[in-house]
Amino acid sequence: MAPTIHSFMNSFTNKLESPVRKHLKNVYGCLSLSTLSAAFGAYVHLHAIFQASFLTTCLAFGLLIALVLTPDNGKNHSLRLGYFLGFSFFTGIGLGPLLSVVIAVDPSIVMTALIGTSVLFVSFSISSLLSERGQWLYLGGILISAMNLLMFFSLANLFFRSNLIYQLNLYIGLMLMCGYIIYDTQHIIEKNRMGNKDFIAHALDLFLDLVHVFRHLLILLTKKEEDKKRKQ
């Protein structure tokens, strides 16, 4: 184990220059805070302290817009971080109704989805970090096209009501979100090399990837458990 970790650190150091490593440290630190904020938001909903509603959706969207429209000038990190953590908090509240349904089916699914999300995020992040420079940037166009196609089939399925199409959308959507983790990680590195030091915006990209992976896993695992109970 020790040689493996040492080998990884050597590869990481060799491939990424010091300013990029420092930037990534800020990005992942900010991402960790946003994840904790989202977890607290979910806790607030589940304990009926503040329920998910149209208002919380509007608040999340408003904070996101405020973050996007407030450019990084090097002096407003606290303000923009506040916007980001507020958005993360209300995003966590927004996950509350789904978590309530999942817990009603089987509470252990939540922990399984958390572990699965962590494993997928770490694995694909490491894969991206250790890849050759710019190797996965071509995925951007492919992922956008695939997401548009997936949205089309999702809308079409409102009329067809096909369980097969629904499941395929979930699995393909999960694969696309994993692809976004790889793409966004390399894109963040390249943007930093070109002078973009906005680690909060970069953490936002990864946070959205993380939330989507977690949501997909929750739905897939819950559906699998429901099918299992139905057969029994």
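The values are calculated or read from the model by the stated rules, or taken from the named source; none is laboratory data. Quantities reported herein were computed from a predicted structural model and do not represent experimental measurements. FYI the Cβ positions are ideal-geometry reconstructions off the backbone, even for glycines, and counts take in every protein chain you see. What goes into the accessible areas is simple: the full protein's heavy atoms, side chains included, and nothing from ligands, DNA or RNA. Shrake-Rupley method; radii C 1.70, N 1.55, O 1.52, S 1.80 Å.
Using the alpha-carbon atoms, what tilt in degrees (0 to 90, nearest 10) does helix 199-231 show relative to the longest principal axis of the chain?
Result, in degrees: 30.
Report the label-to-label distance for Phe159 and Val20 in nanometres (one decimal), using points 7 Å from each Cα along the Cα→Cβ vector.
Distance between label points: 4.8 nm.
Please give the contour-minus-distance gain from Ala48 to Ser127: 0.36 nm per residue of separation, less the Cα-Cα distance, rounded to one decimal in nm.
24.5 nm
Could you work out the local net charge near Asn26, counting Lys and Arg as +1, Asp and Glu as -1, over the other residues with Cβ closer than 12 Å to its Cβ? Spell out each step's value before the answer.
Values: positive: Arg21, Lys22, Lys25, Lys197; negative: Asp72, Asp198.
Its environment carries a net charge of +2.
Could you tally the net charge around Tyr180, taking each other residue with its Cβ under 11 Å from the Cβ of Tyr180, Lys/Arg +1 and Asp/Glu -1? Write down the numbers at each step before the final one.
On the way: positive: none; negative: Asp184, Asp205, Asp209.
For residues surrounding Tyr180, the net value is -3.
Quick one: helix 54-69 against the long Cα principal axis of the chain, what's the angle to the nearest 10°, folded into 0 to 90?
The angle comes out near 20 degrees.
Run the numbers on the chain and let me know its relative contact order in percent, using alpha-carbon pairs under 8 Å that are six or more apart. Intermediate results must be reported in sequence, preceding the final value.
Values: 216 pairs, mean separation 65.0, N = 232.
Across the chain, relative contact order equals 28 percent.
Between Tyr28 and Ser108, what's the calculated FRET efficiency when r is the beta-carbon distance and R0 is 41 Å? Round to 0.05.
So, using R0 = 41 Å, E works out to roughly 0.90.
Quantify, in whole percent, the carbon and sulfur part of the accessible surface of the chain (1.4 Å probe; protein heavy atoms only). Show your work: numbers first, answer last.
On the way: 9130 of 13210 Å².
C and S atoms contribute 69 percent here.
Once P(r) over Cα pairs in 5 Å bins from 0, in percent is worked out from the coordinates, which option in (1) 1, 6, 12, 14, 13, 10, 9, 8, 7, 7, 6, 4, 2, 1, 0, 0; (2) 1, 6, 12, 15, 17, 18, 14, 9, 5, 2, 1, 0; (3) 1, 7, 14, 20, 21, 18, 12, 6, 2, 0 does it equal?
Among (1) 1, 6, 12, 14, 13, 10, 9, 8, 7, 7, 6, 4, 2, 1, 0, 0; (2) 1, 6, 12, 15, 17, 18, 14, 9, 5, 2, 1, 0; (3) 1, 7, 14, 20, 21, 18, 12, 6, 2, 0, the one derived from this structure is (2).
Around Leu98, with a cut-off of 15 angstrom between Cβ atoms, what is the net charge of the other residues, counting Lys and Arg +1 and Asp and Glu -1?
-1
Can you give me the C-alpha center-to-center distance between the stretch 100-138 and the stretch 79-96, rounded to a whole angstrom?
Cα centres, the stretch 100-138 to the stretch 79-96: 20 Å.
Can you tell me the 0 to 90 degree angle between the C-alpha axis of helix 18-46 and the longest principal axis of the chain, rounded to 10?
The answer is roughly 20 degrees.
Can you pull out the trypsin sites (Lys or Arg not before Pro) in the stretch 154-232 that DSSP calls coil and that have at most 15 other Cβ atoms within 10 Å?
On the way: sites: Arg161, Lys191, Arg193, Lys197, Arg215, Lys223, Lys224, Lys228, Lys229, Arg230, Lys231; in loops: Arg161, Lys197.
Listed in order of number, the matching sites are Arg161, Lys197.
Top to bottom by accessible area (1.4 Å), largest first, where do Arg133, Arg80 land?
Numbers: Arg133 165, Arg80 10 Å².
From most exposed to least exposed: Arg133, Arg80.
Is it possible to state the helix-based mean residue ellipticity at 222 nm for the chain, with each DSSP H run of 4+ residues giving -39500 (n - 2.57), the sum divided by total residues, to the nearest 500 deg cm²/dmol? What is it?
Values: 8 runs with 197 residues, N = 232.
Theoretical 222 nm ellipticity from helices: -30000 deg cm²/dmol.
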